[in-house]
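Okay, so here's the structure we're looking at.
The values are calculated or read from the model by the stated rules, or taken from the named source; none is laboratory data. None of the values given here were measured: they were computed from a predicted structure. Quick reminder, even Gly has a Cβ in these numbers, built from the backbone with ideal geometry, and neighbours come from all protein chains shown. What goes into the accessible areas is simple: the full protein's heavy atoms, side chains included, and nothing from ligands, DNA or RNA. Shrake-Rupley method; radii C 1.70, N 1.55, O 1.52, S 1.80 Å.
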Amino acid sequence: MLDAYQETQERHWVPLVVDRPTVLGFVEHLPFKDKAFDFVIASHVLEHSTDPARFLSELQRVAKAGYIEVPDAFMERINPYRDHRLEITVRSGKLIIRKKPDWRSDPELVELYEHRVKAVVTRQTMPHSPFDFHVRFYWKDTIDFEVLNEEVSLDWEPPQGGQRAPQRLGVRHHAGQLALKFARNFLSQKKRNGSIELMRLLACPTCGGTIKKEGGKELICASCSARYQVKQEIPHMYQSAQTAI
């Protein structure tokens, strides 16, 4: 499993659950070898990317096939998230991507939606037909996509104070958490995951070189000598955080 951060507003501050070999890094610079995986799942990640072409290129580099799920462009337009930078839909088997010039592409439309129908859509319509509001895209070998407005900059900073994970402490909440924990333990394939040799999959996100262990708290690239920290057994494979010897 790869995630960008252990704690972040972009995941609504939900704690990262580590139940399998885990790496921290960015999809635009995946720290894995070419075709390391048979199948890769990118669930609600692409819409956060500032470089969708690079994001999709990296998925194709490290995997033979995969699945991408994101909010559909229509839903993103009327119900935008502060840290989503892209509107994505599918036409004729192709991902159609539009860069957002700001976190709200159409503030007037958002106001109209929130004033009258947001409660109905989010509480009634979406729970009954969730897939009508999401893109569910399977690919093999290559990803067919088009970025409609390459000229738009995505350097804008998302506003702070986004939606945090709800803190419900009632009996039903605790019962639900226990049921979820049980399900994760039962379905997590811990034995199989424990046999995965993570070092055989890793590659330097800077140069693509072979990664080797150096002590218990660092990894080093055999080609460019970039170093990456290991904290609580999780490699932090950030290209921007690497330091040369």
Among Thr50, Thr206, Thr125, residue whose mean-square fluctuation peaks in a GNM of the chain (springs only between Cα atoms under 10 Å): Thr125
Segment 34-74: chymotrypsin sites (Phe, Trp or Tyr not before Pro) in DSSP coil with no more than 12 other Cβ atoms inside 10 Å: Phe39
Cα shape, segment 1-140, gyration tensor, a/c 1.5 rule: prolate
Charge dipole magnitude, Cβ of K and R +1, D and E -1 - the chain, Cα centre, debye nearest 20: 1200 debye
Charged-residue dipole, Cβ positions (Lys, Arg, Asp, Glu), segment 28-158 about Cα centre, Debye nearest 20: 440 debye
Net charge, Leu16 excluded, C-beta distance under 9 Å - Lys, Arg +1, Asp, Glu -1: -1
For the chain, with +1 on Lys and Arg beta carbons and -1 on Asp and Glu, the positive-most of Phe182, His44, Val117 along the dipole: Phe182
Net charge dipole size for segment 176-245 [Lys, Arg +1 and Asp, Glu -1 on Cβ; Debye, nearest 20]: 320 debye
Mean ellipticity per residue at 222 nm, deg cm²/dmol - from DSSP H runs of n ≥ 4 across the chain, formula -39500 (n - 2.57): -6000 deg cm²/dmol
DSSP-defined beta bridges in the chain - what % are antiparallel, rounded to 5: 70 percent
Rounded tilt (10° steps) of 52-62 against the dominant C-alpha axis of the chain: 40 degrees
Projected-area mean, segment 187-230, by convex hull of Cα positions, square nanometres: 3.7 nm²
Extension reserve of the Asp106-Lys64 stretch, reckoned as 0.36 nm per residue once the Cα distance is removed: 11.4 nm
Sequence-distant residues sharing a close amide H with His44 (under 5 Å, placed H): Glu69, Val70
Segment 34-103, relative contact order [Cα under 8 Å, separation at least 6], %: 32 percent
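Grab the Cα-Cα distance for Met1 and Phe37, subtract it from 0.36 nm times how many residues apart they are, and report the gain in nm with one decimal.
Full extension from Met1 to Phe37 adds 11.8 nm.
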Cα gyration tensor category, rounded, prolate or oblate, for segment 97-140 with a/c compared to 1.5: oblate
Residues in segment 47-61 that a label on Thr142 would reach, taking backbone N under 20 Å of a point 7 Å out along Cα→Cβ: 52-61
Residue-wise HN-Hα coupling along segment 179-191, computed from phi with Karplus coefficients 6.51, -1.76, 1.60 (Hz; x: Gly, Pro): 5, 5, 4, 5, 4, 5, 5, 6, 9, 7, 6, 4, 4
Length gained when the stretch Asp19-Lys191 is fully extended (0.36 nm per residue, less Cα-Cα span): 60.8 nm
Cα→Cβ-extended label distance, 7 Å offset, between Thr122 and Arg54, nm: 3.2 nm
Formal net charge of residues neighbouring Ser225 (Cβ-Cβ distance under 11 Å; K, R +1; D, E -1): +1
By accessible area with a 1.4 Å probe, ligands and nucleic acids excluded, highest first: order of Ile68, Ile220: Ile220, Ile68
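Pairs of alpha-carbon atoms within less than 8 angstrom and 6+ residues apart define the contacts here; what relative contact order does the chain have, in percent?
22 percent
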Degrees separating the helix 107-116 axis from the principal Cα axis of the chain, which is the longest one: 60 degrees
Max mean-square fluctuation residue, GNM over the chain, Cα-Cα springs under 10 Å, options Glu76, Glu87, Glu218: Glu218
